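Contents: one structure, followed by commentary.
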Amino acid sequence: QVQLVESGGSLVQPGESLRLSCVASGFTFTGYMVGWYRQAPGKERELIGTITGTGHTHHVDSMKDRFTISRDNAKNTAYLQIDNLKPEDTAVYYCNIIRHAVNYWGPGTQVTVSS
């Protein structure tokens, strides 16, 4: 059974950093690209970037400067580092894989940026 669980979200002040985690189980983690997304209140879910099983990353242009995606295959975990957080980064953050043409999502982790 495929399972993705995000964690690491928190209430932080502008300028701080966070590292979010996505722990995967139920499938061969190394074989799949992981995507990170976020959904702000009242907005559609948007792609932040992806990382292949071998560690190649692609970040959406608007997310390249403050967002870093990585993974540790030995721990079945993908990470999203967010630096210099801004109030507009407030959102629920999700990880995603596509396996056998099925989208799998975790429950998300809430990031709130406020002074």
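Does Leu85 meet the test of being modelled with pLDDT of 95 or more and not in a strand (DSSP E or B)?
yes
Could you list, in sequence order, all residues of the range 10-30 that are open to solvent by less than 30 Å² (accessible area, probe 1.4 Å) and of a type outside the set (A, V, I, L, M, F, W, C)?
Ser21
Have a look at Tyr79, Tyr93 and point out the one that is open to solvent by less than 50 Å² (accessible area, probe 1.4 Å), of a type in the set (Ser, Thr, Tyr), at pLDDT 95 or above and within 25 Å of Gly42 (Cβ to Cβ).
Tyr93
Would the range 31-48 turn up any residue that is open to solvent by 20 Å² or more (accessible area, probe 1.4 Å), assigned to a helix (DSSP H, G or I), within 22 Å of Gln1 (Cα to Cα) and in contact with a helix residue (DSSP H, G or I) (Cβ under 6 Å, 6 or more places away or on another chain)?
No - not one qualifying residue is present in the range 31-48.
The values are calculated or read from the model by the stated rules, or taken from the named source; none is laboratory data. Quantities reported herein were computed from a predicted structural model and do not represent experimental measurements. Reconstructed Cβ throughout: ideal geometry from the backbone, glycine too, with neighbour counts over all protein chains shown. Note: areas computed on protein heavy atoms with side chains; ligands, DNA, RNA excluded. Shrake-Rupley method; radii C 1.70, N 1.55, O 1.52, S 1.80 Å.
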